[in-house]
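To start, the structure itself, in structure tokens.
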Amino acid sequence: VAKRREDYRAPEFTITDIALDFTLDPSATKVVSELQVKRQDNANAPLELDGEHLQLLEVAIDDLPFGDYQQTDSGLVLNNVPDAFTLRIVTQVNPSENKALEGLYLSNGVYCTQCEAEGFRRITYYLDRPDVLARFTVKITGDKASLPTMLANGNPIEQGSNTDGTHWILWQDPFPKPSYLFALVAGSFDQLTDTFVTQSGKSVALELFVDKGKRQRGEFALEALKRSMRWDEEVFGLEYDLDIYMIVAVDFFNMGAMENKGLNVFNSKFVLADQASATDEDFFNVESVIAHEYFHNWTGNRVTCRDWFQLSLKEGLTVFRDQQFSSDMSSPLSNRIKQVRVMREHQFAEDASAMSHPIRPDEVIEMNNFYTVTVYDKGAEVIRMMHTLLGAEGFRAGMDEYFRRHDGQAVTCDDFVSAMQSATDIDLTHFSRWYSQSGTPRVEVKRAYDAASNKLTVTLTQQNLATADQSEKHDLYIPLQIEFLAADGQHVAPDSGMFRDNLVILDKPVTELTFTGKGSNITPVALGNFSAPVKLTSDLTPLEWLHTFRFANDAFSRWDAIQQLYNWCIEQYYQGSPQQIEKVIWQGLYEAVEASQDNPEILGECLVVPSFETLCQTRENIDVHALNEARQTFSHDLAEFMSDLLLVIYQTNQSDSYAYEPAQVSSRRCKNVVLTLLAELPLAETLITEQFSGSDNMSDTLGALKAAQQFDLVLFNNLMNEFEQRWRDDPLVLDKWFGLHATCDRSDILAQLTLLRQHPQFSQQNPNRVRAVIGSFAFYNTSGFHADDGSGYRFLTDYLLELDKTNPQVASRLVTPLTQWQHFAPSRQALMRQQLSRLLDDASLSKDLYEKVSKALAYG
Ligand code: ARG
Ligand code: ZN
């Protein structure tokens, strides 16, 4: 059954205080919950608590046994309750049997919880909704020897030992919070500690808990935390509010991390990093996820969501904040490109699929399905557009007002926009349609020249096509960054119509800009800095893309020009006429690269050919193998054409010592991107072998392996075997190895996958392993997943039918590639739908898979 946003009703009761008492046991953990309940309005309503997979042991009201209730499989209904009372509920749960990793679970000897979005109801009966904010105290009792560390939110206020070998601790969180922010962790860890002094002089204890023996790999995360804390003070004036901030890294986790108040729980993948075991990208991700969860303390925890339809209120905003942070810590351009790749590869695909939804969804069957690139990343783009419109100062003023109005409350996206409205003269009413409308707008740039009046008209058109979820669309309010280049590379300005320097607002279907007396030869450079999440098409010629690369001011536009040109080139191959690519174009690309040699950052980005997934977003009726082949052949020819230059770049970007810092990261990336291109050519063999054997860091090691995968199977297998020997006892590192095997282009890939599943380090219970093997295959092995006989689709389906029984959340993420058939040729769509039907035929299919699969089958 779907829930609808418009059906929101305020709760009939609220809970002001909750005292939880856990007695930890692997298969029978007892949970005593004492709630202070207050009726809000309706005098007759029964109290309906949420609860799932619980064994109910006891119910009492004001210390007297209470029997007037009904138990359903989704909760507990208590009839004829007073207006204000103490409710005592005792339940029992089985953490070791909990393979869904929602609620309280035990993995590798560690008890931990994941409550967002609706996991708390798997711990005890409760009003498990974000608009019920209560003060929590939590007592934990557990075995002293195996569980020396027992944590919950807030501050530890009392502890002691019992005579039976157990000990106990009492935690208190002074800030009222919704149940999804509750956390409990118990286990045995290595601990890193530090202090942070806030700008107002308060001292905060920082504590990071990692697996025994992994201490040194936690150091970077702790430093990243301090940088995040400082940054939020400097940029947003936001200070941490408790005396202690704890982060725990666990090996079994469905997502990246969770911002539980004062006690973040992380997938160890986003905490552990050192030179030997982590790539530059891993370091980047650790820092950005640490920042993301920290920033949630204000955008998410102090101000939270009224209901789950408002998820982007905290996620879009917090992603935007972590993006700004990352950009300040490293390189703005490569950060922006990274963000845009996510949009073009994944978000555009989601919006074109049966799962299309606005950043604030209207209808949800399983909330876990809506932690999406749309809610998160498109949500962040919408916040970014407000930042563009209001400017940095205006945006800050709006944020200040948001906290002034809503600190301590559970609010809506409309509340956020209205706080922003208070800080600007721009009317945000039209803009706010971005919250309710799904789909990727198309923006077209076209020119017409009238010689008689010497007037050039640039027509900017927006088009909003129907999506799976919405047939009717409206025009949006699109801030389009744009610059105009004359033939000599000088900038020119239109007669009028600009909102501000380099910014035009598209708020109707057609917007025209004219240039009088400046001739016909003007190149519009649109969508600077990816100023709006739209698909851009234009009438630029290949030579004009090169012109843009040479003369545009906006670095993102320069990169994008090369991407558009690659896209055009690949299209010529795809159409079977690569000879359309004239010599001047090859030459122009060569010169563009040559001219950028002193800038490894842009060079590294410009030498990445658009991914297969990105190429799909601007095409219909795709012949998968022909398009993939076109992309490969173009890459090969490009590498060949500029091999001498690439070799020089490869050599000049060697460094003799390793540090994770922006200049080195750019240079290393550039070198490894070049190596992947060179891997198209025989001369690469020695480069790859030497880089692999001489490498003292994971970035270069992985760079060599990726190049080897491209080069040939013999070299690849040799190096992969060596790598496996070195890292066989380190599953987190071995995930990279799993991923490389699973994305290899080889005819016996399914047999390979079967071997990988039998590997001693593979475990179907561990989401990281599953994502590394099955996820890499489904998302990124174009040739294997899309095998013409449908065997790739069948393999994934077989796997999901199994996985869904234990971990529906992860299964539902992995089904995504199968649901995104809309760009492919009809025969292929039929094969994919066939497998989707097999899933739907499973009578015990989870809500999670049901929602995505049934939508995908109903669409088209
Ligand atoms: N709030 C977490 C984060 O963005 C993610 C939690 C995801 N939970 C889920 N059930 N999908 O930082
Ligand atoms: Zn988040």
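Nothing in this text is a laboratory measurement; each read-out follows from the coordinates by a stated rule. Please read these numbers as outputs of a predicted model, since none were measured by experiment. So basically every Cβ, Gly included, is an ideal-geometry build from the backbone, and we count neighbours across all protein chains shown.
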Revision key, fill the gap. Between the Cα axis of helix 280-295 and the main Cα principal axis of the chain, the angle (0 to 90°, nearest 10) is 50
**Study point:** Centroid-to-centroid separation of segment 393-457 and segment 532-605 [C-alpha atoms, Å]
**Key:** 30
Point to revise | Compactness of segment 109-220 - radius of gyration and Dmax, Cα, Å | key: 15.7, 46
**Study point:** Amide proton proximity set for Thr166, modelled H, under 5 Å, gap of 5+
**Key:** Lys144
Check your understanding: Based on the Kirkwood radius over alpha-carbon pairs, what is the Stokes-Einstein translational diffusion coefficient of the chain at 10 °C with 1.306 mPa s viscosity, in µm²/s?
Key -> 55
Check your understanding: Could you list, bin by bin from short to long, the percent of Cα-Cα pairs of segment 428-581 in 10 Å steps?
Key -> 10, 37, 33, 17, 2, 0
Check your understanding: Taking the Cα centre of each part, how many Å lie between segment 664-728 and segment 742-821?
Key -> 25
Review point. Give me the Kirkwood hydrodynamic radius of segment 59-98 in Å, from all C-alpha pairs, to one decimal place?
Key: 11.8
Check your understanding: If packing is taken as the mean number of other Cβ atoms within 10 Å per residue, what is the order of 248-255, 838-845, highest first?
Key -> 248-255, 838-845
Exercise for review: Report the longest stretch of the chain that contains none of the GluC sites (Glu not before Pro) sitting in a DSSP loop with at most 10 other Cβ atoms within 10 Å.
Suggested key: 1-471
Study note, to complete from the structure: Quotient of Cα radius of gyration and Kirkwood radius for segment 211-369, i.e. Rg/Rh, equals 0.97
Revision key, fill the gap. About its Cα centre, segment 481-624 carries a charge dipole, from +1 on Lys and Arg Cβ atoms and -1 on Asp and Glu Cβ atoms, whose size in debye to the nearest 20 is 200
Study note, to complete from the structure: Flagged as over-length at 30 Å C-alpha distance, from Lys212/Lys847; Lys314/Lys847; Lys535/Lys736; Lys583/Lys671, the pairs are Lys212/Lys847; Lys535/Lys736
Practice item. Grab the alpha carbons of segment 692-783, take their convex hull, and tell me the volume per residue in Å³. Key: 94
Study note, to complete from the structure: The aspartates and glutamates whose Cα lies under 17 Å from the Cα of Lys855, excluding any fewer than 8 residues away in the same chain, are Glu350, Asp351, Asp362, Glu363, Glu366, Asp469, Asp841, Asp842
Check your understanding: Using modelled backbone amide H atoms (1.01 Å from N, in-plane), which distant-in-sequence or interchain residues come within less than 5 Å of Ala134's amide H?
Key -> Lys177
Revision key, fill the gap. dims of segment 537-599, Cα set, principal axes, largest to smallest, nearest Å -> 35, 25, 14
**Study point:** Under the Karplus curve 6.51 cos²θ - 1.76 cosθ + 1.60, θ = phi - 60°, whole-Hz ³J(HN,Hα) for segment 809-824, x wherever Gly or Pro sits
**Key:** 4, 6, 4, 5, 6, 6, 6, 3, x, 6, 7, 9, 9, 5, 8, 8
Review point. Hey, what angle do you get for helix 379-406 against the long axis of the chain, alpha-carbon based, 0 to 90 degrees rounded to 10?
Key: 30
Point to revise | the chain, dipole about Cα centre (Lys/Arg Cβ +1, Asp/Glu Cβ -1), debye to the nearest 20 | key: 580
Revision key, fill the gap. To the nearest 10 degrees, the tilt of helix 542-551 (Cα long axis) against the first principal axis of the alpha carbons of the chain is 70
Check your understanding: How big is the Cα convex hull of segment 346-403 in projection, averaged over all directions, in nm²?
Key -> 5.0
Practice item. Post the alpha-carbon centroid distance, segment 299-314 to segment 65-96, in whole angstrom. Key: 27
Exercise for review: Please report the Cα spread of segment 380-489 along all three principal axes, rounded to whole Å, starting with the longest.
Suggested key: 63, 37, 20
**Study point:** All-pairs alpha carbon distance profile, segment 711-750, 10 Å steps from 0, percent
**Key:** 29, 55, 17
Check your understanding: Say the dipole of the chain comes from +1 at the beta carbon of Lys and Arg and -1 at that of Asp and Glu; which of Leu675, Leu428, Ala397 then lies farthest toward its positive end?
Key -> Leu428
Revision key, fill the gap. Shape descriptor, segment 1-90: equivalent ellipsoid semi-axes (Cα gyration tensor, sqrt 5λ, whole Å, largest first) stand at 23, 18, 13
Review point. With Rg and the Kirkwood Rh both taken from Cα atoms, where does Rg over Rh land for segment 288-367?
Key: 1.01
Exercise for review: Taking every Cα atom in segment 719-840, find the radius of gyration and the maximum pairwise distance Dmax, and write them in Å.
Suggested key: 14.4, 46
Point to revise | Computed label-point distance, nm, for sites Leu840 and Thr72 using a 7 Å Cα→Cβ extension | key: 2.7
Check your understanding: Scaled to the compact-protein estimate 2.2 N^0.38 Å, what is the alpha-carbon radius of gyration of segment 87-149, rounded to two decimal places?
Key -> 1.22
